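The values are calculated or read from the model by the stated rules, or taken from the named source; none is laboratory data. Remember, predicted model here, so these are calculated numbers, not experimental data. Don't worry about glycine lacking a Cβ; one is built from the backbone with ideal geometry, like all the others, and counts go over all protein chains shown. Keep in mind that these areas ignore ligands, DNA and RNA; they rest on the heavy atoms of the full protein, side chains included. Shrake-Rupley method; radii C 1.70, N 1.55, O 1.52, S 1.80 Å.
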Amino acid sequence: CALPILLSAKDIFYRGAGFYILGSLLALGLWSLLLLTISKPFMLILLGTLAFLPFFPLGKLRPDFLQTPHQILCGFLVTGIQLTAGAAGPVLDIFFTHTRLTKNQVIATKSMTQTFGHAVKVFYFGAIFQGSSLDSQDLPALLLLIVATFLGTWTGKRVGSLVSEELFRNLTRKMILTLGVLY
């Protein structure tokens, strides 16, 4: 549901989100043509390895969502992994680890990209694989998800306002590394 995006619309980094969507559409096109699948063990190793990428001294190659090629690559990788593994939050996070965007810009932009990613997954798995769309029996669950998403975003904004920029960055880095080790 795009409704939670409205809560943070003023903070979204629209230019970056636009190039992210371009990369996402490229991945959707490639996956739709090739119907790519990747084994779970390989995917977990890939996700775990990518989690450490922002912490290497890569110079201009370090993932940074402020750089246009990185925005496109981020959209491509995150969507490709979403269509293969289902979720790719930690991969999205690595592109925001060292960015100069504010905490609110990071949260709002990631919210927009994730909302788009969920729409892509609904299209990909619903329209392409099943050739079907939502029917009336899906409506109560869909409405519940919309309400939960809105409430989660609203609550997250309130809690997030209590966290400093520095603490936000430190917690994000620690979560990415923890997930990388677990993967």
task: State whether one or more residues within region 140-163 are open to solvent by 70 Å² or more (accessible area, probe 1.4 Å), at pLDDT 85 or above and either farther than 13 Å from residue 20 by Cα or touching a helix residue (DSSP H, G or I) at 6+ places or on another chain (Cβ under 6 Å) (or both).
output: yes
query: Which one of these is farther than 28 Å from residue 158 by Cα, surrounded by 16 or more Cβ atoms within 10 Å (Cβ to Cβ) and touching a residue at least 40 places away in the same chain (Cβ under 8 Å): 44, 28?
result: 28
query: Can you tell me how many residues in region 61-76 are open to solvent by less than 20 Å² (accessible area, probe 1.4 Å), in a helix (DSSP H, G or I) and over 17 Å from residue 114 (Cα atoms)?
result: 0
- request: Quick one: which residue in 79, 97, 109, 84 is part of a loop (DSSP other than H, G, I, E, B), surrounded by 15 or more Cβ atoms within 10 Å (Cβ to Cβ) and hydroxyl-bearing (Ser, Thr, Tyr)?
  value: 97
query: Which one is nearest to residue 106 (Cα to Cα) among residues in region 148-162 that are among the β-branched types (Val, Ile, Thr) and under 17 Å from the mean Cα position of the chain (by Cα)?
result: 153
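Yes/no matrix, rows are residues, columns are (1) within 11 Å of the chain's Cα centre (by Cα); (2) on the phi < 0 side of the Ramachandran plot; (3) at pLDDT 90 or above:
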| residue | (1), (2), (3) |
| --- | --- |
| 64 | no, yes, no |
| 67 | no, yes, yes |
| 71 | no, yes, yes |
| 75 | yes, yes, yes |
| 79 | yes, yes, yes |
| 82 | yes, yes, no |
| 90 | yes, yes, no |
| 95 | yes, yes, yes |
| 98 | no, yes, no |
message: Among the residues of region 49-60, are any open to solvent by less than 60 Å² (accessible area, probe 1.4 Å), in a helix (DSSP H, G or I) and of a type in the set (Phe, Trp, Tyr)?
response: no
message: Against the condition part of a helix (DSSP H, G or I) and under 24 Å from residue 182 (Cβ atoms), how does residue 38 come out, does it pass?
response: no
